[in-house]
Structure formats: structure tokens, C-alpha cells
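Here the structure is laid out as C-alpha cells; the discussion comes afterwards.
Rule-based calculations on the coordinates, nothing more; no lab input. Quick caveat, the model's predicted, so the values are computed rather than measured. Virtual Cβ from ideal backbone geometry, glycine too; neighbours counted across all protein chains shown.
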Number of protein chains: 2
Amino acid sequence: MKNEELLCLTALNSWKLVIGRFDRNLAALTDEELQKQVAPGKNRLFYLVGHLTAVHDRLFPMLGIGERLHPELDETYITNPDRALPDPLSASDLRKAWAEVNGKLMDAFERFTAADWLEKHAAVSDEDFAKDATRNRLAVVLSRTNHASFHSGQAILAK
Amino acid sequence: MKNEELLCLTALNSWKLVIGRFDRNLAALTDEELQKQVAPGKNRLFYLVGHLTAVHDRLFPMLGIGERLHPELDETYITNPDRALPDPLSASDLRKAWAEVNGKLMDAFERFTAADWLEKHAAVSDEDFAKDATRNRLAVVLSRTNHASFHSGQAILAK
């Protein structure tokens, strides 16, 4: 395997590990437990799952790999803080949305070549990308991997 | 720049972003605030800084880039949970150790070529590495980036 392919595979493994761990923790929680807050007065687990689902769903247009599946989640789980609005979907529908979004992302990522990973993402201008070629799709996915890890660290506190 | 170099630079940026953000949050905290717990009964910020410093210090032998700087932190911040043992160093010495360890790691990472990133790390056997070449130095650093993000998400709750 070429160096560039191996580097991409290593980075993709990092995303897979973080999402896989989150999947397993989520599967171990009952719908009632999803209502727990990570600490007194902080976000509920339900909110964190909604937030990560919405943020990951935004990757489809940002990486140019398709239409969004769940734009209806943004208002509740990105624009507003927890408990400002009622949850727009049931725990079971939220679990489905989470799995659907991440499953479809994984299908796309697994088909990316090194050149695909190094393409510009939609949130950077041609001019800025010409100055800094690290503002590519890989940078976005590594950033979302860290973001998911960040909230995983919080979610674990609810145990 | 070659694809393989650009991929490495993108991944290194991810580490830099996470460590840089932690640095700024740490600098904004007083020594007294470091004694705060991230949530009732959970780890103190002081413990998290000690833990991340010790875990990052272990990267020197694991990546084959030098001797450890602070092996004396393991007993308190890796082997034992928070408050089991007294802190072996002052807040100011802990801040110094954190900066020293991450500064020296960054110097090494910035000199890595793509081939260097793809070398085997010390915690995997030759046999296992032959079967799975993604068990390389990049995988370790991405894993530590996620680990630092995980605890950063907890640390932010103490605000």
C-alpha cells in the first residue's frame, strides 16, 4: 500500500474508533437514561446525541457528499441550548437518525482516495484554500472526531 | 507539496489545535481553580492536567523519540484515581511539566516525514505490525489527540 493510502486509512480508523465507542455506550443506555444530565445543570445525554447527529449531518454538504438527512435537528440541538425547545423526536427515532447519518458518512469515507481527502471543503473559499491546503476534508473529519471525543468525555460522567 | 506530506501536516494540525486550546484554557485558570472538580465527586482539573502530562510523557519511549521527562507522575495520575495520593508537585511545577512535555513532543512531530509517521510504535510487536500497518506512530498520536479532547470536554464543565 502507498504511504498516502496508509495515512488515510490510519486517520479513518481514528474516526471509526470514536464513533464505534460512542455507538456501544449509546446502545448500553435505556431511553430513560438518555434524559440524565452529564452533571447538575449541564446537557442531557439526549441533547448530546442530538447535537452530534446534527453536526455530523452537516458534513454531507460541507464535504460535498450528498444532501442532509436531518436538517430539522439544527434548531433544537445546534442553535439552542439544552431544554430551550422540546425534543422534536423520540429516543428511538434519535437513535435511528444517529445510526443513519454515521452509517452513510462511513460509506462515503471508505470510498475516499488520498486525493479525495485532500479536496477543499465547502466552508473554505478558493482563495483561502490556495493559501492553505490543509483546509481539506481530512481536517474537517479530524476536527469532528475531536468534537465527538470532547462530548464523549462529558457523556461518560453521567454513568 | 506531496499528498503524503499534506496528509501528515493536516493530522499534525489537529494535535496542535487540541493542545493549543488546552494550553489557553489552562493559562486562564488560577492555581486555586485547578482544585475544582469537573463535576461533584469527579476528577479535579489538577488531576486531569497531571493525567494528560503523564500520558503524553509516555509517548517518548512509545514513539522512540527519547527518554521520559516525568515518569514520577504515573503513580499519582495514571495508576491511581484522583485524591488517592497527594499531588507530588505544585501547580506551578505541573504547568511547567505540561509545557515541557508537549513542547518537546511538538519539536519531534514537526521533524517527522511521512515515512516516520508510518513507523511502528513500541507497543506493537513486529508480527502484529506486519499484519496491520495502521498500528503506526500516527495512529498513536491521533489516539492521544482524541484522549486529550475527551478530557478537555470534561474540564470545560468546571467553568
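Restricting the first member to segment B:105-122 and to residues that are touching a residue at least 60 places away in the same chain (Cβ under 8 Å), and the second to residues that are in a helix (DSSP H, G or I) and hydrophobic (A, V, I, L, M, F, W, C), the beta-carbon pairs closer than 6 Å and six or more apart or on different chains are B:Phe109/B:Leu12; B:Ala114/B:Cys8; B:Trp117/B:Cys8; B:Trp117/B:Leu138; B:Ala122/B:Met62. For segment B:135-149, the set of residues classified as without any contact (Cβ under 8 Å) to a residue 24 or more places away in the chain and either outside any helix (DSSP H, G or I) or buried (at least 21 other Cβ atoms within 10 Å of the Cβ) (or both) consists of B:Arg135, B:Asn136, B:Ala139, B:Asn146, listed by residue number. Are any of the residues in segment B:124-134 in contact with a Cys (Cβ under 9 Å, 6 or more places away or on another chain), part of a helix (DSSP H, G or I) and within 28 Å of A:Ile19 (Cβ to Cβ)? No, that holds for no residue. The selection criterion, being in contact with a helix residue (DSSP H, G or I) (Cβ under 8 Å, 6 or more places away or on another chain), closer than 19 Å to B:Asp23 by Cα and touching a residue at least 12 places away in the same chain (Cβ under 8 Å), holds for B:Gly50.
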